[in-house]
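Comments concern the structure below.
The values are calculated or read from the model by the stated rules, or taken from the named source; none is laboratory data. Bear in mind the structure is a predicted one, so any value in this text is a computation, not a measurement. Reconstructed Cβ throughout: ideal geometry from the backbone, glycine too, with neighbour counts over all protein chains shown. For the accessible areas, the whole protein counts, side chains as well, though only heavy atoms, and no ligand, DNA or RNA atoms are used. Shrake-Rupley method; radii C 1.70, N 1.55, O 1.52, S 1.80 Å.
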Amino acid sequence: MAEVEAGLPHRLVEFVSALRRKGITTGTSETVDAAAVISVLGMGDRNLLREGLAAALVRRGGQRDVFDLTFDLYFPVAMGATEDARTIPVTMDVTEIRHDMVEALATGDIASLEKLAAIAVEVLGQLGVKGELVGGWSAYQTLDRLQPQTLVAPALSAREGLGLAQSGFAERLARDEIRQQIAAFREMVASEARRRTAELRGRERIHNHAVRLSSERIDFLSANATQLEELRRTVRPLSRKLATRLSAKRRRRNRGSIDIRKTLRRAMSTGGVPMRPAYAKPHPTRPELVLLCDVSGSVSGFSNFTMLLVQAMSGQFSKIRVFAFINAMAEVTDLIKDETGDLSKRIGAEAKITKWHTSSDYGEAFGDFAADHLSAVGPRTAVLILGDARNNNQRPNFDALHRISSSARRTFWLNPEDSSKWGLGDSIALEYADVVEMHECRNVEQLSQFVSRLLPV
């Protein structure tokens, strides 16, 4: 026990560093708070410790899943095989595990499912050659052999044998409950396989590969459909936070410039020393915002998220107009305001964003905007261009981009691609960056930083 307690400070520092690598911002003060939590709660109740450390270290939404996965690796439920896995009969096989699972699912016994998850990983998940453990334990192999998704009907039949027969709506509820328990069992198996493999191959290595980044660090271009949906759920809370920052920024700037005459007159009471400067009456105005969004391919996820975010922050601007393009420019402001349905599908179906081909052509789209929509840009307008600047070897049309930029108050280009890839292949990002100010914007964190620091107010 003394060795465990002596290693706790080092384990805590490793844990906090692992969270930081996955995008959970933790500093010295949070680490000190976490140490105090351990001191007060102790190590006796693992679930209580989990909640205490989460309260000290998790500061934003969308980070709890990352925290839980990391906690399970650095504060594991056991070392090596659990007691249940160590005491299983040598003859236990898939059939027996499935039989026990049916009984646990029929009665809703979560504790038994946890024990069976550990047993299943031990019996079915070992990766090795001729009985020799080589790579660790695999959740995929375990679940592939066990096939828990096929146990819904047997579990319902077992409920009938226990006198819990139901029909109609109650039966559908029971079926859904069993499916939820099976989904929870799959997570238990994945957690157990990660824990066992981490002991063999190292916590840091498994953490780097098995624990995904927090939602704020997920690259727009590599996000899958599930991750993009998760990002869309963060639009509203993120917009409120950014709107608060912009409001504070606007208040600081709206004090007005110093009125020299009034300041000198006021300084007469202090012998000519301007102790209390007087400010001219401010004339606050809110900027207009125009978005030009490439909605082709993988870039569409980034563009759609940014469009929704800006629309949610509409109160911070006097006017917002949104234009989408692949190789033809079309206004989609009304589509953004109507939040029903899938935005990408609606833009593709209802807006004319392509001409004779379906590949990105920034030059053609900029030409369309300069010819047909340049009146949307004025001296109070900030223009945001969203896209990766991969032009498929088409004409770049720098003149049209010059016209757009010179008509606006400020023009920014937000590029979701890593800046190290700008200029490679068919990317002309570096050439466009000579015309307008281009910023790398690969994830929600970088987008939030841009909005807070550079967006005109």
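Which residues, taken from the stretch 412-457, are of a type in the set (Asp, Glu) and out of contact with any helix residue (DSSP H, G or I) (no Cβ under 8 Å at 6 or more places or on another chain)?
The answer is ASP418, ASP426, ASP434, GLU437.
Can you tell me which residues in the stretch 34-60 are under 27 Å from the mean Cα position of the chain (by Cα), without any contact (Cβ under 8 Å) to a residue 24 or more places away in the chain and open to solvent by 30 Å² or more (accessible area, probe 1.4 Å)?
Passing the criteria: ASN47, LEU48, GLU51, ALA55.
Sort out which residues of the stretch 404-415 are in a helix (DSSP H, G or I) and over 11 Å from VAL436 (Cα atoms), and write them in order of number.
SER407
What are the pairs with Cβ atoms under 6 angstrom where one residue, in the stretch 218-232, is closer than 19 Å to ASP388 by Cβ and modelled with pLDDT of 80 or more and the other, located anywhere, is open to solvent by 50 Å² or more (accessible area, probe 1.4 Å) and among the basic types (Lys, Arg)? Sequence gap at least six, or different chains.
If the second residue must be open to solvent by 50 Å² or more (accessible area, probe 1.4 Å) and among the basic types (Lys, Arg), the pairs left are ASP219/ARG442.
Mind checking which residues of the stretch 266-285 are in contact with a strand residue (DSSP E or B) (Cβ under 8 Å, 6 or more places away or on another chain) and either under 17 Å from VAL332 (Cα atoms) or in a loop (DSSP other than H, G, I, E, B) (or both)?
PRO277, ALA278, ALA280
State whether the residues of the stretch 365-374 include one that is within 28 Å of GLY348 (Cβ to Cβ), open to solvent by 50 Å² or more (accessible area, probe 1.4 Å) and touching a helix residue (DSSP H, G or I) at 6+ places or on another chain (Cβ under 9 Å).
yes
Among the residues of the stretch 342-352, is there at least one that is among the hydroxyl-bearing types (Ser, Thr, Tyr), open to solvent by 40 Å² or more (accessible area, probe 1.4 Å) and over 30 Å from LYS249 (Cβ atoms)?
yes
Any idea which of LEU292, LEU335, LEU308 is of a type outside the set (Asp, Glu), over 30 Å from ASP259 (Cβ atoms) and either at pLDDT below 85 or open to solvent by 40 Å² or more (accessible area, probe 1.4 Å) (or both)?
Selected residue: LEU308, the only one of LEU292, LEU335, LEU308 that is of a type outside the set (Asp, Glu), over 30 Å from ASP259 (Cβ atoms) and either at pLDDT below 85 or open to solvent by 40 Å² or more (accessible area, probe 1.4 Å) (or both).
Counting residues that are in contact with a Phe, Trp or Tyr (Cβ under 9 Å, 6 or more places away or on another chain) and at pLDDT 85 or above, which helices (runs of 4 or more DSSP H) fully inside the stretch 54-126 reach at least 3?
Fully inside the stretch 54-126 and qualifying: 64-74, 94-107, 110-124.
Give the residue, chosen from SER247, SER318, that is hydroxyl-bearing (Ser, Thr, Tyr), in contact with a Lys or Arg (Cβ under 6 Å, 6 or more places away or on another chain), open to solvent by 20 Å² or more (accessible area, probe 1.4 Å) and in contact (Cβ under 8 Å) with a residue 24 or more places away in the chain.
So the residue among SER247, SER318 that is hydroxyl-bearing (Ser, Thr, Tyr), in contact with a Lys or Arg (Cβ under 6 Å, 6 or more places away or on another chain), open to solvent by 20 Å² or more (accessible area, probe 1.4 Å) and in contact (Cβ under 8 Å) with a residue 24 or more places away in the chain is SER318.
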